[in-house]
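Presented below is the structure to which this report refers.
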Amino acid sequence: MILRTKNVTGLITALLFTGFVAAQPRLNRENHDQLPFYFGISIGYNNSNLATTRAAAFEEQSTFSRVEPHSSNGLALGFMMTKRLSDRLEIRTVPKLILGGSKYLSYYYTADYLSAHPEKKPIENIKLPANILSIPLQLKLNSDRIRNFRVYMFGGMKYDINLTANSSEYKEAMQLDQNPPPLFRKGDLGYEGGIGFNFYLPFTVISPQIKISNTLGNSHVRDTENPYSNVMQRFRTQMLVFSVTFEQ
């Protein structure tokens, strides 16, 4: 009787263990993390803000009382290339085109200026077009894989190319006394970093991530002949980006 009870207990234990193993999710794309190279596409949405510094000339003029920057939103489309360095470390680049990232500055006129120019509105909003090609180089640190899930952190440097920074059009507008919006530099060096998550599916790896991406230098080409540019010294772009990558 005791023997039969042990046999039944062992059988039940074996059945429960087999059922538990069968209930576990299937391990997708087992060889993905061992690939020496892999590729993907990235789709992102960003919120962009312009950090500004006023020039000393601002205190010497009587046209503007203050200048305020405003945030804007845009879309980013990119192509990812990743090189495996070790089980935990990878190096990658995600060249991307950032569209619709125009910046805005609000120039507030002084009361004295408005009295002398009644045709002017109290506030003038200036649009600064900015379509950017961003080329980053990042180090990616991976956690251990838990079935079909993994966490990673990344950081690195980037170089942004402003595709709308057209100095020839700016010079032509200045020659016509049109006082165009302040001019951006063609290229900017910056840094970025963030956190993401790998979800392993049967046919792809989906990786949502969030990052901070900021420029380091001065993006502003200051022009003392242009009143909109003369009162400003420094522009820096700050971005908060949410993106999803579909990996090979």
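None of the figures in this text is laboratory data; all of them are computed from the coordinates on show. Computed from a predicted structure; not experimentally measured. Note that we place each Cβ from the backbone using ideal geometry, even for glycine, and neighbour counts take in every protein chain shown.
Count Lys and Arg as plus one, Asp and Glu as minus one, and take only other residues whose Cβ is under 15 Å from that of N28; the net charge is then +2. Between S219, S42, S106, the GNM of the chain built on Cα springs shorter than 10 angstrom shows S106 fluctuating the most.
If you count Lys pairs in the chain whose Cα atoms are under 28 Å apart, skipping same-chain pairs closer than 8 places in sequence, the total is 28. In order along the range 222-234, the phi-based Karplus estimate (6.51 cos²θ - 1.76 cosθ + 1.60, θ = phi - 60°) of 3J(HN,Hα) comes to 6, 10, 5, 7, 9, x, 5, 8, 4, 7, 10, 9, 9 Hz; Gly and Pro are listed as x. Extension gain for A111-S62 works out to 16.7 nm (0.36 nm per residue, less the C-alpha to C-alpha distance). The charge dipole of the chain, taken about its Cα centre with unit charges on the Cβ atoms of Lys, Arg (+1), Asp and Glu (-1) only, comes to about 1440 debye. Against the chain, whose longest principal axis comes from its Cα atoms, helix 2-23 is set at around 30 degrees. Reported value for the range 131-179: 103 Å³ per residue, from the convex hull of its C-alpha atoms.
Note the listed values (1) 1.26; (2) 1.01; (3) 0.97, then indicate which one is Rg/Rh (Cα atoms, Kirkwood Rh) calculated from this particular structure. Recomputing Rg/Rh (Cα atoms, Kirkwood Rh) here picks out (1).
In the range 147-187, whose amide N lies under 15 Å from the spot 7 Å out along Cα-to-Cβ of E30? List them in ranges. Residues passing the 15 Å test: 147-148. Taking a Cβ cut-off of under 9 Å around A51, the surrounding Lys, Arg, Asp and Glu residues balance to a net charge of +2, with basic ones at +1 and acidic ones at -1. Under 5 Å between amide hydrogens, which residues at least 5 positions from V151 or on another chain qualify, with H placed 1.01 Å from N in the peptide plane? Here S143, N198 satisfy the definition. Along the axis of the charge dipole computed for the range 124-203 (Cβ charges of +1 for Lys and Arg, -1 for Asp and Glu, origin at the Cα centre), the listed residues N131, F154, F203 are led at the positive end by F203. The order of K186, K127, going from fewest to most other C-beta atoms within 10 Å of their C-beta, is K127, K186.
Select from the range 104-191 those GluC sites (Glu not before Pro) which occupy a DSSP coil region and have at most 16 other Cβ atoms within 10 Å, ordered by residue number. Sparse-neighbourhood loop GluC sites (Glu not before Pro): E119. The label-point distance for N47 and L77, in a model that sets each label 7 Å from Cα toward Cβ, rounds to 2.5 nm.
Per-residue ellipticity at 222 nm computed for the chain from its helices equals -5000 deg cm²/dmol, with DSSP H segments shorter than 4 residues left out and the rest contributing -39,500 (n - 2.57).
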